[in-house]
Structure formats: structure tokens, C-alpha cells
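Student: My questions will all concern the structure given below.
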Amino acid sequence: MSWLDDPDDLDDDFEDFDESSIRSRPNPKGNRPRTKRRPAHEDAEIGRVLGVDRGRYAVLLGEDTADERTITSTRARELRKTPIVTGDRARVVGDTSGAEGTLGRIVGIVERSSLLRRSADDTDQVERVIVANADQMLVVVAAADPEPRERLVDRYLVAALDAGIRPLLVVTKTDLADPTAFLAHFEGLDLRVFTSARDVMPVDEIGAALVGHSTVFVGHSGVGKSTLVNALVPSAGRATGHVNQVTGRGRHTSSSTVSLRYRGDGGSGWVIDTPGVRSFGLGHVDPANILAAFTELAEIAKRCPRGCTHLADAPDCALIEAAESGELGETGRARLDSLQRLLQTFADKAEHPFGR
């Protein structure tokens, strides 16, 4: 009789074994198993990201203290899918002394108060984050050489209003052309305007508007944005260029976004210089945010039918009816015209994906 003939004998043979007797395969690397738990980094310092260069981040720690210093940092592995941009408030650990050759590590980003974004074109839903935590946008445009583009400025304004950022406008090279006709396009907007000529640059006036704010400078290449930045922040050393006489286009001179500290008689602020762009996609914009920036019109718009576009041909639009009845007044009508123009700019994005 074989051992297979008596099942009871088989049970007796294995009764001394249980699951704990099974040998587990050793870890070939000899290290501990991975865990999703991350350290709290309670000792992390919070600093301002001043610029980004090939995976390295310049971070200002101890801002406005005797221990103020700029360090170089990398990003922690767990942040590899999180965009870190100029203006971010970063949590940094590691060697934060700022000594030559040292390297900190960014382990977290403080919640942002604003985020200025653009897309490659109006059909692209992928956002390009430009800057974080700015509360003002200074749009720089030339009165001539290159010719001003109203629709591009409209796009800047839409992006600013969508982000909850206050827009400002500087018109340079007014010694070459009268900007009156161009500026008439923006009547009705709550938009502070500065004008600048070759020999008359209102540095003090513009600087006063920067105190206490983080202001992102945007503009078409060749409009004099870098020249203005250098005048406001003499130590900036931003490269300046010229306009191609054949194409009428400016040459890109600023290749990266960087934060620079402005110091004036009335206090300090931050100038965030960005590379010049020739198009500004609005694929990410929520049109409701544009209306929200016109607070008094937004209140009247609550009377509009559901889904109202508020455009000039919108049926039963309460804003149009208020304008026709005189409820808005002359100023209100001008602001409605500006609102409708910006909304139309957004509505036309499919027809003109790269702007005009």
C-alpha cells in the first residue's frame, strides 16, 4: 500500500506546517519596502521662487529680514507633476544656508492667491502657467514700431480678469505716434494708463503703482518692456533688442520669467518680467470670470435669461435693456461696450485661434 492509499497518513505528515513556515523571497535590494507616507517637513522654510533655470529654482528665504538670502533648490520627487513657477511660495528643506555649492529641496507649494495662465492657442486646453501670486499685470504696448495690436491687448486683459489680477497699461514710444485713437478702444474699462516716450519715461509714476504689489509685465516683443524694466530696476540687466525692419516684429530678448525687487521712495514691490509673446491663447479661460470683473454690470446681469451671452446681439439681455433705457448712464454704456468686446474676443477664439 502506498502513502496515497491512506489520506489520514497524509494529514499527519503536514500537520506540523502552517502559513508561517512558507519562506518569503528576500528583497534583492536589501532596502525597506516603499511607503506612501511622506515626512511632514515641519522644519521647512517658506521662500519666494525668483526664477527657474533647467530644473534649478532660485528661492529667496528670510525676505525683508537680516537673514535674507537666495538659495538654489531642486524639487522633491513627489512634486514632479506639480508645476513650480516664478512667484510661488515654496516650502524648502535641506541645506538652506545659501553657501556656494549648497542645494535645498522644494517639498511643497503654499496655496496660490492667483495663477496667470495661457494656452498655446485657443483650441489647446493645456495650460501654460506663467506666474503665481501676482496681483497686478502691467501690459506694455508701443504706439508704433511695432504697431499696437488691440486684440492682443484684449487677450491680456481677459487673462488678467480671469485670474483676478488688476490690469495696468503702459504705452511706449509715444514720440513716434499719437496713441489717442488706440486708447479710445479701452474707454470704459477700469484701466490705469501710463504713456512713455524716448526722453520722457514716467519711472517714478509707474514705480509708485508697483509699491506693495507683485506685478507681472507682459507685452509683444520689441515694445520696450525690457527697457522699462531696466529703468525701474537698474540692477536687472535685462537684454534689450530692436524691431526687424522687414517683418515689423520685435526680437525676443527676455528668455525666461524672473522676479526682480523694485525699490522706490514709497516702498518696495516685485517686478516679474516675462518673455515677449506674439499670441496669447485663451483656451483655459472661464468667461464668467470676465463678467465678474465688471461688478456693477454683473449685478444687473443676474436678471438675464439662463445662458445669456451678453453680446451685442443677445436676445432679452438685461444689460442691453438697461443701456437702452438709460439705467446705465454714459459711463455704464461705455463699460458695457468694453465688456461685450472682451466677451466677443473670447467668443471668436475658434474662428481666430492665434489672435489678430
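Student: Quick check: is even one residue across region 187-194 aliphatic (A, V, I, L, M) and closer than 26 Å to Gly266 by Cα? Lay out the reasoning, then the answer.
Tutor: Going through region 187-194, the residues aliphatic (A, V, I, L, M) turn out to be 189, 191, 193.
Then keep just the ones that are closer than 26 Å to Gly266 by Cα; that gives 191, 193.
Yes, region 187-194 has at least one match.
Student: Can you list the helices (runs of 4 or more DSSP H) lying wholly within region 252-341 that have 2 or more residues being within 30 Å of Ala132 (Cα to Cα)? Give the derivation first.
Tutor: On the way: elements: 287-292, 295-301, 318-325.
Where helices (runs of 4 or more DSSP H) fall fully within region 252-341 and carry at least 2 residues being within 30 Å of Ala132 (Cα to Cα), they are 287-292, 295-301.
Student: So which residues in region 157-192 are modelled with pLDDT of 95 or more and of a type in the set (Gly, Ala, Ser), if there are any at all?
Tutor: Listed by number, the list holds a single entry, Ala177.
Student: Can you name the condition, by its number, that Leu50 falls short on among (1) at pLDDT 90 or above; (2) in a loop (DSSP other than H, G, I, E, B)?
Tutor: Of everything listed in (1) at pLDDT 90 or above; (2) in a loop (DSSP other than H, G, I, E, B), Leu50 misses just condition (2).
Student: Is there a residue in region 112-133 that is over 27 Å from Arg238 (Cα atoms) and loosely packed, with under 12 Cβ neighbours inside 10 Å?
Tutor: Yes, the conditions are met somewhere in region 112-133.
Student: Could you list all residues from region 293-335 that are of a type in the set (Gly, Ala, Ser), touching a Leu at 6+ places or on another chain (Cβ under 9 Å) and free of Cβ contacts under 8 Å to residues at least 24 places away in the same chain?
Tutor: Scanning region 293-335 gives Ala298, Ala301, Ala322, Ala323.
Student: Among the residues of region 105-115, are any more than 30 Å from Arg56 (Cα to Cα), in contact with a strand residue (DSSP E or B) (Cβ under 6 Å, 6 or more places away or on another chain) and modelled with pLDDT of 95 or more? Even if it seems obvious, please write down each step before you answer.
Tutor: From region 105-115, those more than 30 Å from Arg56 (Cα to Cα) are none; that's our starting set.
For region 105-115, residues more than 30 Å from Arg56 (Cα to Cα), in contact with a strand residue (DSSP E or B) (Cβ under 6 Å, 6 or more places away or on another chain) and modelled with pLDDT of 95 or more: absent.
Student: With the condition kept exactly as written, say whether any residue in region 174-193 is crowded, with 21+ Cβ neighbours inside 10 Å, in contact with a Phe, Trp or Tyr (Cβ under 7 Å, 6 or more places away or on another chain) and of a type outside the set (Gly, Ala, Ser).
Tutor: No, every residue in region 174-193 fails to be crowded, with 21+ Cβ neighbours inside 10 Å, in contact with a Phe, Trp or Tyr (Cβ under 7 Å, 6 or more places away or on another chain) and of a type outside the set (Gly, Ala, Ser).
Student: What number of residues within region 43-78 satisfy the criterion of being under 14 Å from Val93 (Cβ atoms) and out of contact with any strand residue (DSSP E or B) (no Cβ under 7 Å at 6 or more places or on another chain)?
Tutor: 2
Student: Can you tell me which of (1) surrounded by fewer than 15 Cβ atoms within 10 Å (Cβ to Cβ); (2) among the polar types (S, T, N, Q); (3) assigned by TED's automatic domain parsing to the domain that holds Leu260 is the one Thr102 doesn't meet?
Tutor: (3)
Student: Something else: When you go through Val131, Val140 one by one, which is the residue that is touching a residue at least 12 places away in the same chain (Cβ under 8 Å) and within 11 Å of the chain's Cα centre (by Cα)? Working first, answer last.
Tutor: On the way: Val140 fails: within 11 Å of the chain's Cα centre (by Cα).
Exactly one residue qualifies, and that residue is Val131.
Student: Which condition does Lys302 not pass, out of (1) among the basic types (Lys, Arg); (2) more than 18 Å from Val158 (Cβ to Cβ); (3) crowded, with 19+ Cβ neighbours inside 10 Å, if it passes all the others?
Tutor: Of everything listed in (1) among the basic types (Lys, Arg); (2) more than 18 Å from Val158 (Cβ to Cβ); (3) crowded, with 19+ Cβ neighbours inside 10 Å, Lys302 misses just condition (3).
Student: All but one of (1) under 19 Å from Arg261 (Cβ atoms); (2) surrounded by fewer than 17 Cβ atoms within 10 Å (Cβ to Cβ); (3) touching a Leu at 6+ places or on another chain (Cβ under 8 Å) hold for Gly62; which doesn't?
Tutor: Gly62 satisfies all of (1) under 19 Å from Arg261 (Cβ atoms); (2) surrounded by fewer than 17 Cβ atoms within 10 Å (Cβ to Cβ); (3) touching a Leu at 6+ places or on another chain (Cβ under 8 Å) except (3).
The values are calculated or read from the model by the stated rules, or taken from the named source; none is laboratory data. Being a predicted model, the structure only gives us computed values, none of them experimental. Cβ atoms come from the backbone with ideal geometry, glycine included; neighbour counts cover every protein chain shown.
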